[in-house]
Amino acid sequence: MSQKAKEAAVALVASLQREAEEAIARHMEQMAHASEEAKRASEEAEWHRKRALLRYRDTPQQQYERRELAAADMRRRRRENRTAA
């Protein structure tokens, strides 16, 4: 192999290596950005979830009504079971 061919091969390998290192660096930067975006989205989703829970929390009156309805339903079921047996 001639000296020029060796130098061209070395230059080609060096160029390819630089391109590969740059591509790896770009990829790592994109991954870091994606990770930050995912973290931010997760935090935002958690905030919305907590806000929705606070907004739709039952009042004491609603809790009382739900318990009364459940108790009436249980009494009805017991009565139906007694008559069926």
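The values are calculated or read from the model by the stated rules, or taken from the named source; none is laboratory data. In this text, all values refer to a predicted model and were calculated from it rather than measured experimentally. Glycine gets a Cβ as well: all are built from the backbone with ideal geometry, and neighbour counts include every protein chain shown. Calculation scope for accessible area: heavy atoms of the full protein, side chains included, ligands and nucleic acids excluded. Shrake-Rupley method; radii C 1.70, N 1.55, O 1.52, S 1.80 Å.
Structure values in brief
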read-out: Stretch gain in nm, segment Gln63-Val10, where the contour uses 0.36 nm per residue and the Cα spacing is subtracted; value: 11.2 nm
read-out: Probe 1.4 Å, protein heavy atoms only - accessible area per residue of the chain in square angstrom; value: 96 Å²
read-out: Charge dipole of the chain about the Cα centre (unit charges at C-beta), most positive-ward option of Leu53, Gln17, Ser2; value: Leu53
read-out: Environment charge of Arg51, counting only residues whose C-beta is closer than 12 Å and scoring Lys/Arg +1, Asp/Glu -1; value: +2
read-out: Full-extension gain in nm, Ala23 to Arg55, via 0.36 nm per residue minus C-alpha separation; value: 6.8 nm
read-out: Distance from segment 70-85 to segment 11-42 (C-alpha centre basis), Å; value: 67 Å
read-out: Whole-percent carbon and sulfur share, accessible surface of the chain, 1.4 Å; value: 57 percent
read-out: Neighbour cut-off at most 11 other Cβ (10 Å), DSSP loop, chymotrypsin sites (Phe, Trp or Tyr not before Pro), the chain; value: Tyr56
read-out: Helix-only [θ]222 nm of the chain, DSSP H runs n ≥ 4, -39500 (n - 2.57) each, per residue, nearest 500; value: -34000 deg cm²/dmol
read-out: Candidates Ala32, Ala52, Ala20, ranked by Gaussian network fluctuation over the chain, Cα under 10 Å, top entry; value: Ala20
read-out: Spacing of the two label points (7 Å from each Cα toward its C-beta) at Asn81 and Ala38, in nm; value: 4.9 nm
